[in-house]
Amino acid sequence: MPAEMFFAPFALMIFFAFGSSASSSAAVGAATTATGAAASAGLAASTAPPSAAGPAFFAGCPGPVSRLDEQVIDPASLRWISFSHFEADECGALNEWLNVAPQGTPVCSFVGANVSVNDFASRPARAMSNDEVFATGKYRFRFLATPHVPHCWEASLLFEETAATLFSSDLFFHWGNAEPKTTSDVVDRFKQGLVADQQGPFANAYPYTPLTEGTLKRLAALKPRTIALMHGSSFEGDGEKALNDLALAMRDVLGNGAASK
Ligand SMILES: [Fe+2]
Ligand SMILES: [Fe+2]
């Protein structure tokens, strides 16, 4: 999604999973639970000092690095810097992050690394395979290759298994200055925005492909207890139902040739 749309609710859309004090996660808004889930994570095969950890699952719009430096964590302690797909709001500031995190390594899909990231980033990425798990101390992140979900060939998502947190990138996108997290339905918010967007210049942000429904069902089967959105309120509750409902909403709006022409 275009980056410029998201500066106002910025603190709500970033989500991190890096080692820091649990209290610092409050500054991350939507990421509170997700961050707490990964707090104090250690590093697998890391040369970082004991206080450092990772990953951060977002490396978006230029500008956030200094803000986070002030509010959340010393960026120099980041070890892993990950994102869903190669788009400015996802990874446009990747090299800025790498500059301030000398031990940081990009983490992305095999396709992402080989098609774009390794040509763009100042250091090569760790190219992940579908379903590959990496541990950062007590937390385990399952890497999910999700081509074209939410969009882009190289798309991927992360699932933190110990706290059952799904980092969902653009899935469940909803407009407005939303609360950091909610236990209320987020699918209807998404669907309303999608229906409206299909009538305007942002139409067709989400391709509806033969992979879409199966991917969403696969995510639902993970039974996340928290879905950490990039754009909107993070959801706490029955993530399996939310993802199955999301699949229905996307099929209603985008499936069967219904996408805006
Ligand atoms: Fe996107
Ligand atoms: Fe996005």
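Throughout, read-outs are computed from the coordinates displayed, never taken from laboratory work. The structure presented is a predicted model; accordingly, all values stated were derived computationally and were not measured. For neighbour counting, all protein chains shown are included, and Cβ atoms are generated from backbone atoms with ideal geometry for every residue, glycine included.
Starting from the Cα gyration tensor of the stretch 61-194, take the square roots of the eigenvalues, sort them a ≥ b ≥ c, and report rounded, prolate or oblate (rounded when a/c is under 1.5, otherwise prolate if a/b is larger than b/c, else oblate).
Here the stretch 61-194 falls in the rounded category.
Order 222-229, 233-240 from most to least packed using the mean count of other Cβ atoms within 10 Å.
Top of the packing list down: 222-229, 233-240.
Could you tell me what percent of the DSSP beta bridges with both partners in the stretch 139-231 are antiparallel, to the nearest 5?
Taking every DSSP beta bridge with both residues in the stretch 139-231, the antiparallel ones total about 65 percent.
Which residues' amide hydrogens lie under 5 Å from the amide hydrogen of SER234, considering only partners 5 or more residues apart or on another chain, with H built in the peptide plane?
Close amide H contacts, sequence-distant or interchain: LYS181, THR182, LEU229.
Return the long-range amide H neighbours of ASN204 (sequence gap of 5 or more, or a different chain), with a cut-off of under 5 Å between placed amide H atoms.
It is SER260, by chain and number.
Run down the aspartates and glutamates and flag those whose C-alpha is under 15 Å from the C-alpha of LYS223, throwing out any fewer than 8 positions away in its chain.
Counting by Cα, and skipping residues close in sequence, LYS223 has these aspartates and glutamates nearby: GLU160, GLU161, GLU236, ASP238, GLU240, ASP245.
Using a ≥ b ≥ c from the Cα gyration tensor of the stretch 110-261 (square roots of the eigenvalues), is it rounded, prolate or oblate, where a/c under 1.5 gives rounded and otherwise the larger of a/b and b/c decides, a/b for prolate?
Since a/c reaches 1.5 but b/c is at least a/b, the shape of the stretch 110-261 is classed as oblate.
Classify the stretch 127-186 as rounded, prolate or oblate from the Cα gyration tensor: take a ≥ b ≥ c as the square roots of its eigenvalues, call it rounded if a/c is under 1.5, otherwise prolate when a/b beats b/c and oblate if not.
Oblate, because a/c is 1.5 or more while a/b does not exceed b/c.
Quick one: what are the phi-derived ³J(HN,Hα) couplings along the stretch 212-227, Karplus 6.51/-1.76/1.60 with θ = phi - 60°, whole Hz, x for glycine and proline?
Those phi angles translate into 4, 5, x, 5, 5, 5, 5, 5, 4, 5, 6, 6, x, 9, 10, 10 Hz.
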